[in-house]
Amino acid sequence: MKEKITIIKVGGAVVEDEQQLSQLLKDFCAIEGRKVLVHGGGRRATQVASKLGIETQMVNGRRITDAAMLEVVTMVYGGLVNKNLVAQLQANGVNALGLTGADADVIRSHKRPLKDGVDYGFVGDVDSVAHQTLGHLIEAGITPVMAPLTHDGEGHILNTNADTIASETAKALAKDYDVTLIFSFEKKGVLSNPDDDESVIPVITREDFERYKADGTISGGMLPKIENALQAVEAGVSKVIITLATAIDGKHGTIIQ
C-alpha cells in the first residue's frame, strides 16, 4: 500500500492576503504525513513589473513572458515569494526547502512553441519531473516548496504555470505515493456563476468540463486550472480538489473526477 502524500497549490491572490496565507500555512503545517507546497505569485509579479515600468500581458489566463518579465518572475517567484513561504513554514515547525525546477534538476521543460499564433515568450511546458529526487527529500523529512519556474537543461530559466507545476508534480509522485492534490485559491471552488460565491459546482468530469467550456460557464484562468486537474486524475492521482485557501482539509470545494 502506497504512503499518502498531500500536494497543496496556493494561488497568487492568497499569497498576497496576509490573513488568508497565515491560515493556509497553519492548516498546511497541521496536515499529517508527507506534503509538498506549490505556489504562484502572479499578482506580486505584476505589481513589481509595474513599479519597474514593465507591462503585463495575459492571454487565456497565461502570462506573456518576454526577457524583462522573465527577470521579474525569476526574482519574485524564486526569491521573494518562495523564501518568505519557506521562512514562515520554518517558524511553524515544518522543515521546508524552496525549489525552482532548476534546483537539483527537479523539473525540466522546453520553451513553448507558437500556439494559435501566440508567442508566449520564455514560458516552459514541462517535459519531466525528477520524482525520485523529490522522494529522497520527502523521505528525509523535508517539505519541498516549489516555485513556478523550470529550466531547459541548457542554462535557461522558464516561467511555468503554477497549476501545471502542481499537476505534473502530483502525476510524477503518483508513481510512488497515494497522492491528494488540492488547488487552493480565493473562492470556495469552481463557480457556475462568478458573481455568486455560493454557486460551487460540486463535481466536474472531463465531459462536464467540455460542456462548461463550450457554453462559457468556465472561462479565463479557470480553464488551465481545471485542465491541469483533469490531467492529474487521468494520470493516476487519487484525489483532486479545487477549494478555498482556508478549507484545505479536502472536505469542501469542487472534486475533479
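Looking at the square roots a ≥ b ≥ c of the eigenvalues of the Cα gyration tensor of segment 1-139, which shape do they give, rounded for a/c under 1.5, prolate if a/b is larger than b/c, or oblate?
On the way: a/c = 2.20, a/b = 1.39, b/c = 1.59.
Note, shape of segment 1-139 comes out oblate.
Just to be sure I understand: of the beta bridges DSSP finds with both ends in segment 76-221, what percent are antiparallel, rounded to 5? All intermediate terms of the calculation are to be shown ahead of the outcome.
On the way: 10 of 16 bridges.
Of all bridge pairs located within segment 76-221, approximately 60 percent are antiparallel.
Over the chain, with a Gaussian network built from C-alpha contacts below 10 Å, which listed residue (A104, A147, A162) shows the highest mean-square fluctuation?
Checking each option, the largest mean-square fluctuation is seen for A104.
Using the Cβ atoms and a cut-off under 14 Å, what net charge is assigned to the surroundings of L173, where Lys and Arg are +1 and Asp and Glu are -1?
Neighbourhood net charge equals +3.
Would you mind computing, in nm to one decimal, how far apart the modelled labels at A30 and D215 are, each placed 7 Å from Cα along Cα→Cβ?
Each label point lies 7 Å from its Cα, and together they span 3.7 nm.
Please identify, among A96, A235, A45, the residue showing maximal mean-square fluctuation in a Gaussian network model of the chain using a 10 angstrom Cα cutoff.
A235
Which whole-number percent is the relative contact order of segment 151-238 (Cα, under 8 Å, 6+ apart)?
Contact order relative to length: 36 percent.
Find out how many positive minus negative residues lie around M75, taking Lys and Arg as positive, Asp and Glu as negative, among other residues whose Cβ is under 14 Å from that of M75. The partial results should precede the final answer.
Numbers: positive: R44, K51, K83; negative: E71.
That works out to +2.
Quick one: grab the alpha carbon gyration tensor of the chain, order the square roots of its eigenvalues as a ≥ b ≥ c, and give me rounded if a/c is under 1.5, else prolate or oblate depending on whether a/b is larger than b/c.
Numbers: a/c = 1.26, a/b = 1.02, b/c = 1.24.
Rounded, because the longest to shortest axis ratio a/c is under 1.5.
Would you mind pulling out the separation of the Cα centroids of segment 45-70 and segment 1-39, in Å?
26
Using DSSP to define loop residues, name the GluC sites (Glu not before Pro) in segment 1-54 whose beta-carbon has at most 13 other beta-carbon atoms within 10 Å.
Answer in residue order: E32.
Quick query: amide H of K4 versus all other amide H atoms, modeled in the peptide plane; which residues come in under 5 Å with a sequence gap of 5 or more or a different chain?
Result for K4 returns D178.
Work out from phi, with θ = phi - 60° and the Karplus expression 6.51 cos²θ - 1.76 cosθ + 1.60, the ³J(HN,Hα) of each residue of segment 82-90, listed in order in whole Hz, and give x for Gly and Pro.
Here the 3J(HN,Hα) series is 4, 6, 5, 5, 4, 4, 5, 5, 4 Hz.
Set the Förster radius R0 to 41 Å, insert the Cβ-Cβ distance between R43 and E3 as r into 1/(1 + (r/R0)^6), and round the FRET efficiency to 0.05.
0.75
Lysines within cross-link reach of K175: Cα-Cα under 24 Å, excluding same-chain residues under 8 positions apart?
Cross-link targets: K2, K4, K9, K35, K225, K239.
If exposed trypsin sites (Lys or Arg not before Pro) are those in a DSSP loop with at most 13 other Cβ within 10 Å, what is the longest stretch of the chain that has none?
The longest uninterrupted stretch comes out as 3-250.
Every number in this text was worked out from the coordinates using simple rules, so none of it is lab data. This is a predicted model, so every value here is computed, not measured. Neighbour counts run over all protein chains shown; Cβ positions are idealised from the backbone, glycine included.
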